[in-house]
Amino acid sequence: MDQTAPTCDDIEAIAHQTVAAFPERFRAPAADVVIRVVDFADDAILDDLDIDPFELTGLYEGIPLTEKSTMDQPMGPDVVWLYRRALLDEWAGRGNVTMVELVAHVTVHEFAHHFGWSDEDIARIDEWWT
């Protein structure tokens with residue numbers, strides 16, 4: 001059995017597969033979002049959120065579709081960040097999900113922010129943490 005931890009490229013491929021499986025009405029608006037996978041969030045983000053690097057598995061960076069305006073000056077594409085080491089740590093700690101399931105879940109969560117959902121909105125329907 002292969003015990004090799006997935007690479008950033010492996011995790012990115014899982015995330016892209018997840019987005020490709022979105023219902024049709026979500027696929028087109030998701031297509032403009034860039035997916036980036038790195039080992040950890042940078043220090044500025046961690047400091048801003050006041051969290052440990054292993055606590056942040058993903059982050060949406062951009063303006064949610066519900067808040068975008070034609071008057072906005074684009075500063076670059078919206079980005080869904082996935083953090084490999086935090087994902088690996090959570091996966092190992094949970095022991096009850098596959099890496100594919102975890103990456104897919106975090107990807108969906110971060111894209112939900114792109115579609116305008118708050119953490120509270122997501123928590124109302126997300127049974128993942130129960």
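Taken together, the values in this text are just the output of simple stated rules run on the coordinates, not laboratory data. A quick note: this is a predicted structure, and the numbers were derived from the prediction, not measured. Backbone-built Cβ (ideal geometry, glycine too); neighbour counts: all protein chains shown.
Rounded to the nearest 500 deg cm²/dmol, what is the calculated helix-only ellipticity per residue at 222 nm for the chain, with -39500 (n - 2.57) per DSSP H run of length n ≥ 4? Before the final figure, lay out each step's value.
On the way: 6 runs with 61 residues, N = 130.
Mean residue ellipticity at 222 nm (helix-derived): -14000 deg cm²/dmol.
Relative to the longest principal axis of the C-alpha atoms of the chain, give the angle of the C-alpha long axis of helix 8-20, reported between 0 and 90° and rounded to the nearest 10°. It works out to around 50 degrees. Here's the picture: charge each Lys and Arg Cβ at +1 and each Asp and Glu Cβ at -1 in the chain, and of Gly62, Val106, Ala31 the one pushed furthest to the positive end of that dipole is Ala31. Set the Cα radius of gyration of the chain against 2.2 N^0.38 Å, with N its number of residues, and you get 1.06. Rounded, prolate or oblate: which one fits segment 1-68, using the alpha carbon gyration tensor with axes a ≥ b ≥ c (rounded when a/c is under 1.5, else prolate when a/b beats b/c, else oblate)? Cα axes put segment 1-68 in the oblate bin.
Annotation: the residues Val19, Val103, Val37, sorted from fewest to most other C-beta atoms within 10 Å of their own C-beta, follow the order Val19, Val37, Val103. With both residues required to sit in segment 23-130, DSSP beta bridges show an antiparallel share near 45%.
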